[in-house]
Amino acid sequence: MTATDFLTSLASGDLNIVTGFVWVVIATTLSLVGGGIGGMLLAGKDIGYEFSAALGGLFAPIAVIPAILLGLFVLNLFANY
């Protein structure tokens, strides 16, 4: 698979194992950033901004990764029927 084929399948919404893995990595990265920001906003003054960002960045993917996998499974299921 060339880079052009990969980018075309990623942009067109074609779900295969490679594009699914890329979407999981992108969503996990965004959840790390969002969890860090949310942790800083919620508990930054109480326990320190760095520590709360680290905790938020660690705990956010725990909730996001199963939701991403379930969503990709449902999208794949609907795409086949």
| task | Please identify the pairs in which a residue from the range 65-77 that is closer than 14 Å to residue 21 by Cβ and in contact (Cβ under 8 Å) with a residue 24 or more places away in the chain has its Cβ atom under 6 Å from the Cβ atom of a residue that is part of a helix (DSSP H, G or I) and among the β-branched types (Val, Ile, Thr), counting only partners at least 6 apart or on another chain. | result | 68/24
| request: Go through the range 2-22 and count every residue that is in contact (Cβ under 8 Å) with a residue 40 or more places away in the chain and farther than 13 Å from residue 68 by Cβ. | output: 0
| request: Could you please find all residues in the range 1-60 being out of contact with any helix residue (DSSP H, G or I) (no Cβ under 8 Å at 6 or more places or on another chain) and among the small types (Gly, Ala, Ser)? | output: 3, 11, 12, 13, 48
| field | Some residue of the range 23-33 being surrounded by 13 or more Cβ atoms within 10 Å (Cβ to Cβ), closer than 30 Å to residue 8 by Cα, among the small types (Gly, Ala, Ser) and in contact (Cβ under 8 Å) with a residue 40 or more places away in the chain | value | yes
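No value in this document is a laboratory result; all are computed from the given coordinates. From a predicted model like this one, the values you see are computed outputs, not experimental measurements. Reconstructed Cβ throughout: ideal geometry from the backbone, glycine too, with neighbour counts over all protein chains shown.
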